[in-house]
Amino acid sequence: MKEDTRWLLELKERIAGLEERIKELSESSPLGRRIGSIPGFGVVSTGELVGEIGTMDRFDSESSLAMYLGMAPLDNSSGSYQATKTARQVNRRSRMAMMTATMRHILRVEESRSYYEKKRNEGKTYHQAVRATGRRLVRVIWPMVRRGEDYHIRQLHHLTENPPESVASS
């Protein structure tokens, strides 16, 4: 029992060391810094995504990035049959990292949680709703990386609340 406990403690230390190294490598990459700024995108998911993507120059558009990450469903309709399917040529490691990060993102960002719940209320399955939210995140990641900006949560101003000065004067 003592040996097992010692082995588990050593394993925990090694895992912590690996996570620290992954964090250092991710932070040294511009892509890693951008993706790492998104709430819910932890050290491991960010490192995995950055490692699998490599460079954004590989992709012509955000839709090709979404396809690579497994966040873009393909049409599988015929006649009156309406359905979608996941493409087979996606990077599976990236898809799993993106799904995990998206699930964690939904728990941390109210706007994404609302979008996820909207998809669930439309009759989407859990995985379909998470993929739809992930696809939406890819639409955010693409310009973020292109412009060199970090993620920030938009402040939404409703008409019933006090609008900012620029809106009030209109």
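The values are calculated or read from the model by the stated rules, or taken from the named source; none is laboratory data. All figures in this text were calculated on a predicted structure; none of them were measured in a lab. As a convention, Cβ positions derive from the backbone with ideal geometry for all residues, glycine included, and neighbour counts pool all protein chains shown.
List of remarks:
- When Ser94 is tested against the conditions (1) surrounded by fewer than 16 Cβ atoms within 10 Å (Cβ to Cβ); (2) farther than 18 Å from Arg146 by Cβ, the lone failure is (1).
Matching residues to (1) basic (Lys, Arg); (2) touching a Cys at 6+ places or on another chain (Cβ under 9 Å); (3) modelled with pLDDT of 90 or more:
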position: Leu25; (1), (2), (3): no, no, no
position: Pro30; (1), (2), (3): no, no, no
position: Gly40; (1), (2), (3): no, no, yes
position: Gly79; (1), (2), (3): no, no, no
position: Gln82; (1), (2), (3): no, no, no
position: Arg88; (1), (2), (3): yes, no, no
position: Met98; (1), (2), (3): no, no, yes
position: Arg104; (1), (2), (3): yes, no, yes
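- Scanning region 64-85 turns up no residue that is of a type in the set (D, E, K, R) and assigned to a loop (DSSP other than H, G, I, E, B).
- Residues within region 10-69 that are surrounded by fewer than 16 Cβ atoms within 10 Å (Cβ to Cβ), over 12 Å from the mean Cα position of the chain (by Cα), within 16 Å of Gly134 (Cα to Cα) and not hydroxyl-bearing (Ser, Thr, Tyr), tallied: 0
- Residue count for region 1-23 under the criterion of being of a type outside the set (A, V, I, L, M, F, W, C) and within 10 Å of Gly47 (Cβ to Cβ): the result is 3.
- Region 1-29 residues that are within 23 Å of Glu48 (Cα to Cα), paired with ones that are at pLDDT 90 or above and among the hydroxyl-bearing types (Ser, Thr, Tyr) (beta carbon under 6 Å, 6 or more apart): Ser26/Thr46
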